[in-house]
1. Mind checking which residues of segment 186-207 are of a type outside the set (Asp, Glu), touching a strand residue (DSSP E or B) at 6+ places or on another chain (Cβ under 8 Å), buried (at least 16 other Cβ atoms within 10 Å of the Cβ) and not in a strand (DSSP E or B)?
2. Every residue in segment 119-147 that is assigned to a loop (DSSP other than H, G, I, E, B) and either touching a residue at least 40 places away in the same chain (Cβ under 8 Å) or surrounded by fewer than 12 Cβ atoms within 10 Å (Cβ to Cβ) (or both), please.
3. Being open to solvent by 20 Å² or more (accessible area, probe 1.4 Å) and part of a strand (DSSP E or B) is the filter; apply it to segment 148-161 and report the residue that is farthest from Arg185 (Cα to Cα).
4. Given the structure, is Arg113 surrounded by 20 or more Cβ atoms within 10 Å (Cβ to Cβ) and either at pLDDT below 80 or under 24 Å from Ser82 (Cβ atoms) (or both)?
5. Select from segment 69-82 the residues that are outside any loop (DSSP other than H, G, I, E, B) and surrounded by fewer than 16 Cβ atoms within 10 Å (Cβ to Cβ) and list them in ascending order.
6. Do you know which of the residues in segment 168-185 that are without any contact (Cβ under 8 Å) to a residue 40 or more places away in the chain and among the polar types (S, T, N, Q) is surrounded by the fewest Cβ atoms within 10 Å (Cβ to Cβ)?
7. Considering (1) of a type outside the set (Asp, Glu); (2) under 20 Å from Asp199 (Cα atoms); (3) buried (at least 23 other Cβ atoms within 10 Å of the Cβ), say which one Arg85 fails and leave the rest.
8. Cβ-Cβ under 7 Å, sequence separation 6+ or interchain: first residue in segment 68-85 and under 18 Å from Gly200 (Cα atoms) and hydrophobic (A, V, I, L, M, F, W, C), partner open to solvent by less than 10 Å² (accessible area, probe 1.4 Å) and assigned to a helix (DSSP H, G or I). Which pairs?
Amino acid sequence: MLGTGCLKGCLGKAALLGVVGGVALAGWIWGPELRRRFAEEEGGVEVLPSPELADAALDRFERFRRGELGDRLSLSALDVSSVIRYAAPGMLPGGVSRVEVEFYDGVVRLTARVLVEAFPGLPTLDGILGFLPDTVSISVVGHLAPLDENGIALVVHGVYASFIPVPLPDGMTPSILTVLGRRSRAGLPEDALPFSLPDGVQSAHVLRDRLILVRGD
């Protein structure tokens, strides 16, 4: 269990998760490149999401919002994945597991193990996969973009399913995002997931392999 107080446990988790809200919609698996990179950085030891990393990330986020860490906060994919997996499991839909996120070259990759029976809309994939197992791996790749003064959006470049190496047809993207929890919003393209920015955060973007939060006045 994380050693955080009520304020950080309730407000901090919700605020930090809001920045990468699509992660909380579906859950994600590490890509092979990210596994290799972490292994190299840690001298051959693979680093995985953990409650300790989640606790540390939430503590840094709260200090950032109080103005103690300057105007920018840099979070790794490992930080974000740890928070999503261990600090707010109740925010994930039932039927979603192994929540992870990857950042690379400014791109966001979200991958999920989704229990098919929990999402009636997923059988639309049957024509692509030939059959559906009990669980399906779904990845969403895109970039963060401003949406309005209070939010950002993950603009989706492609959606991948299980072991298919090429993206699914673009026409399937809106329905799959709806299955994963997308809700309509004024001015929101059909291929984008909207997220609200937490109080005190002016903007968020991905720079190379880091999520950068910019504090507002």
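The values are calculated or read from the model by the stated rules, or taken from the named source; none is laboratory data. Predicted model, so just to flag it, every value in this text is computed and none were measured. Cβ atoms come from the backbone with ideal geometry, glycine included; neighbour counts cover every protein chain shown. The area values use the complete protein model at the heavy-atom level, side chains included, leaving out ligands, DNA and RNA. Shrake-Rupley method; radii C 1.70, N 1.55, O 1.52, S 1.80 Å.
1. Scanning segment 186-207 gives Leu188, Leu197.
2. If the condition is that a residue be assigned to a loop (DSSP other than H, G, I, E, B) and either touching a residue at least 40 places away in the same chain (Cβ under 8 Å) or surrounded by fewer than 12 Cβ atoms within 10 Å (Cβ to Cβ) (or both), then Phe119, Pro120, Gly121, Gly130, Phe131, Pro133, Asp134 are the ones that fit.
3. That would be Tyr160.
4. Against the criterion (surrounded by 20 or more Cβ atoms within 10 Å (Cβ to Cβ) and either at pLDDT below 80 or under 24 Å from Ser82 (Cβ atoms) (or both)), Arg113 does not qualify.
5. Arg72, Ser74
6. Ser184
7. Of the numbered conditions (1) of a type outside the set (Asp, Glu); (2) under 20 Å from Asp199 (Cα atoms); (3) buried (at least 23 other Cβ atoms within 10 Å of the Cβ), the odd one out for Arg85 is (2).
8. If the second residue must be open to solvent by less than 10 Å² (accessible area, probe 1.4 Å) and assigned to a helix (DSSP H, G or I), the pairs left are Leu73/Phe61; Leu73/Phe64; Leu75/Ala57.
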